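The block underneath contains the structure these notes are about, expressed in structure tokens.
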Amino acid sequence: MLYLFSSLEENLQMLKQSVRSALPAENLHEYSVQWSDEGGVNAQLHGDYLQQFCQDFYEGIKLLIDRGAASQSQFAKVSNI
């Protein structure tokens with residue numbers, strides 16, 4: 001059984017490294033949160049984590065929208081639309 005957990009941990013670490021090397025650093029966020037046995041993430045216990053996660057998500061989506069809008073605007077100028 002110990003071998004199984006060790007193998008799973010190694011696979012998890014390899015997956016994390018693979019994701020880190022495939023994505024730009026600005027697309028990666030790491031959070032530390034204590035797991036709750038009562039349903040996982042709990043809004044009362046994990047308020048700071050949830051607030052930071054939502055803020056990071058919002059800012060990331062806003063950046064993508066802004067980049068898309070700027071790209072559309074440049075395309076329209078080049079195409080005389």
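Observations, loosely collected:
- From helices alone, the chain scores -24000 deg cm²/dmol at 222 nm; the rule is -39500 (n - 2.57) for each run of n ≥ 4 DSSP H residues, then divide by the residue total.
- Axis of helix 2-22 versus longest Cα principal axis of the chain: the two differ by about 10°, to the nearest ten degrees.
- Using alpha-carbon coordinates, inclination of helix 47-79 to the longest axis of the chain, degrees: 30
- Between residue 49 and residue 7, the contour length at 0.36 nm per residue exceeds the Cα-Cα span by 12.2 nm.
- Pairwise label distance in nanometres, residue 70 with residue 14, each label 7 Å out on the Cα-Cβ vector: 3.9
- The calculated P(r) of region 2-79, using every Cα pair and 10 Å bins from 0, goes 14, 25, 33, 17, 8, 3, 0 in percent.
FYI, it's all coordinate maths here, none of it is from the lab. These numbers were taken from a predicted model, which means no experiment stands behind them. FYI the Cβ positions are ideal-geometry reconstructions off the backbone, even for glycines, and counts take in every protein chain you see.
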